[in-house]
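Comments concern the structure below.
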Amino acid sequence: MQQLDGQLVFSPSDLNNYLECRHLTQLDLAVANGELEPGEGRSKYSDLIARKGDEHEAAYLQSLKDAGKEVVELPSFNGTRSRADVAEATVEAIKAGAEVIYEAAFLGDGWGGYADFLLRTDRRSDLGDWSYEVADTKLARRTKPYFLLQLCLYGEQLARLQGLTPEWMHVILGSNERHRFRLAEFDAYYRKVKQRLLDEINASPLDTYPNPVSHCELCRWSEHCDQRRIDDDHLSLVAGMRSDQVIRLDGAGIPTLDALALAAPDTAVPRMAGTTFEKLRRQAALQLDQRKTDEPSYELLAPEEQRGLALLPPPSVGDLFFDIEGDPLYEDGLEYLFGVVAVDPAGNPSVDPETYAATQTATVAGTPKPPASIAADSYDSPTETLTLTLGLSPDDAAA
Ligand code: SF4
């Protein structure tokens, strides 16, 4: 959101941010009102996603051109060209009936944004014998609710300009699959979320708190919010603490990690089991101790049957401990790094640091080298490693 000519203008990401975290909306509102500097804590991961997203968008643009489509590329919004200028250029392009419009800008009714592509259809509208539908490129492998909210917003803006609500909205996924969704099926949800956001803005400023949520790792405010929780010694700093447990402990007069660590073990917290409270209290005590001593604190737990490491089968000569790393953002996904620890007949662990694929072809085919402790002329895959190793196991041979 931002102030344009004295009016707050919202974007599709404001809708998503509101659904992810109400505190985020309050911070962004404070920035738009000039009360706070923008957060700078964008993670490298979100930068990578943004770059890969741009590449995906450019590749789809090229595929349209290669298919002979007439593509009008609108000028980008920059220091010399205002957002209103680009929105005006979009209006001109849709009136002219371009087959595909790239980077269409909308600005109206207090909302704005950029649709990747407008695709001309044969449905009649106020424009003439044609109208447009929106297509957005998304790096994800599946369509997410936010994509559809965003497309509903663009559809609403298009309806304003062409006098006709688009029938379909299109998503081009990172896999290059193209999915279409009927706008009418999602419009009620979109309008509901939009109204809730506007109601929240009208009621602002609100006393929200940066309780950690999954969106934090992508959020530009992550450093800001981390620091706030540290300054407050917030209960969310206790490892394994859930947000509902924070609320219950806070309601019982235990608002900080320090207070929890020093609480009496038999403290009664409404709607929290005594064992749960004691587990959280001991965890908080460990962390408080580590803060004071600057030494790693730990507590040895008594072994329990069928719990933790006790769930593992008895050790065997043929045991393999296997780990695999992947890169889901690589084209079609990539599983590229294999780690295997084998146990030799003398019971010594053996690690092969070269257990990875040397080429992309080998990587995709999943053909890392076998661990050094396994002699295999015809080694071919991790599965074969397992098979070969099981073959070496006297326990399994006897079974
Ligand atoms: S970092 Fe997390 S808590 Fe803070 S504004 Fe972002 S999403 Fe909300």
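Considering each of V100, V91 in turn, give the residue that is hydrophobic (A, V, I, L, M, F, W, C), more than 29 Å from S222 (Cβ to Cβ), surrounded by fewer than 19 Cβ atoms within 10 Å (Cβ to Cβ) and more than 16 Å from the ligand (Cβ to nearest atom).
V91
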- Mind counting the residues in region 162-197 that are in contact with a Gly (Cβ under 8 Å, 6 or more places away or on another chain) and aliphatic (A, V, I, L, M)? 2
- Item | Lone unmet requirement of (1) assigned to a loop (DSSP other than H, G, I, E, B); (2) modelled with pLDDT under 80 for E304 | (2)
- Query: So how many residues does region 165-189 have that are within 18 Å of P12 (Cα to Cα) and touching a residue at least 60 places away in the same chain (Cβ under 8 Å)?
  - Reply: 1
- Those residues of region 203-214 which are of a type in the set (A, V, I, L, M) and within 16 Å of the ligand (Cβ to nearest atom), in sequence order: L206, V213
- Message: Whether any residue in region 159-168 is more than 16 Å from the ligand (Cβ to nearest atom), among the basic types (K, R) and either at pLDDT below 95 or assigned to a helix (DSSP H, G or I) (or both) is what I want to check.
- Response: yes
- Task: May I ask you to verify whether R124 is free of Cβ contacts under 8 Å to residues at least 40 places away in the same chain, out of contact with any helix residue (DSSP H, G or I) (no Cβ under 7 Å at 6 or more places or on another chain) and not polar (S, T, N, Q)?
- Result: no
- Could you figure out which of (1) within 16 Å of the ligand (Cβ to nearest atom); (2) closer than 19 Å to D109 by Cβ isn't true of Q3? (1)
- Item | Qualifying positions in region 25-54 - open to solvent by less than 70 Å² (accessible area, probe 1.4 Å), within 14 Å of the ligand (Cβ to nearest atom) and under 15 Å from the mean Cα position of the chain (by Cα) | S43, S46
- Task: Restrict the check to region 57-71 and report whether at least one residue is of a type in the set (S, T, N, Q) and within 30 Å of Q7 (Cβ to Cβ).
- Result: no
- Could you tell me which of the residues D136, D122 is touching a Phe, Trp or Tyr at 6+ places or on another chain (Cβ under 9 Å), among the charged types (D, E, K, R) and open to solvent by less than 20 Å² (accessible area, probe 1.4 Å)? D136
- Note on the structure: Given (1) among the hydroxyl-bearing types (S, T, Y); (2) surrounded by fewer than 20 Cβ atoms within 10 Å (Cβ to Cβ); (3) more than 16 Å from the ligand (Cβ to nearest atom), Y154 misses just (2)
- Task: Sort out which residues of region 234-283 are in a loop (DSSP other than H, G, I, E, B), charged (D, E, K, R) and under 14 Å from N211 (Cβ atoms), and write them in order of number.
- Result: R242
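Answer with yes or no whether D233 is open to solvent by 40 Å² or more (accessible area, probe 1.4 Å) and more than 10 Å from the ligand (Cβ to nearest atom).
In short, no.
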- Item | Answer from E200, E217, E223 - the residue that is part of a helix (DSSP H, G or I), within 16 Å of the ligand (Cβ to nearest atom) and under 15 Å from R22 (Cα atoms) | E200
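Rundown of residues vs (1) β-branched (V, I, T); (2) open to solvent by less than 70 Å² (accessible area, probe 1.4 Å); (3) closer than 20 Å to G113 by Cα; (4) not assigned by TED's automatic domain parsing to the domain that holds S125, yes/no style:
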| position | (1), (2), (3), (4) |
| --- | --- |
| L164 | no, yes, yes, no |
| M169 | no, yes, yes, no |
| N176 | no, no, no, no |
| L183 | no, yes, yes, no |
| R220 | no, no, yes, yes |
| D244 | no, yes, no, yes |
- When you scan region 1-18, how many residues do you find that are modelled with pLDDT of 95 or more and open to solvent by 70 Å² or more (accessible area, probe 1.4 Å)? 0
- Message: Take the conditions surrounded by 12 or more Cβ atoms within 10 Å (Cβ to Cβ), of a type in the set (F, W, Y) and either within 16 Å of the ligand (Cβ to nearest atom) or modelled with pLDDT of 95 or more (or both) and apply them to F77. Does it pass?
- Response: no
- Query: What pairs come up if the first residue lies in region 15-31 and is closer than 15 Å to R228 by Cβ and among the hydrophobic types (A, V, I, L, M, F, W, C), the second is within 11 Å of the ligand (Cβ to nearest atom) and part of a helix (DSSP H, G or I), and their beta carbons are under 7 Å apart, counting only those six or more places apart or on different chains?
  - Reply: C21/H215; L24/N17
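The values are calculated or read from the model by the stated rules, or taken from the named source; none is laboratory data. All of these numbers come straight from a predicted model, not from anything done at the bench. Cβ: placed from backbone, ideal geometry, glycine included. Neighbour counts: every protein chain shown. Side chains are part of the model used for accessible areas, which takes the heavy atoms of the whole protein and leaves out ligands, DNA and RNA. Shrake-Rupley method; radii C 1.70, N 1.55, O 1.52, S 1.80 Å.
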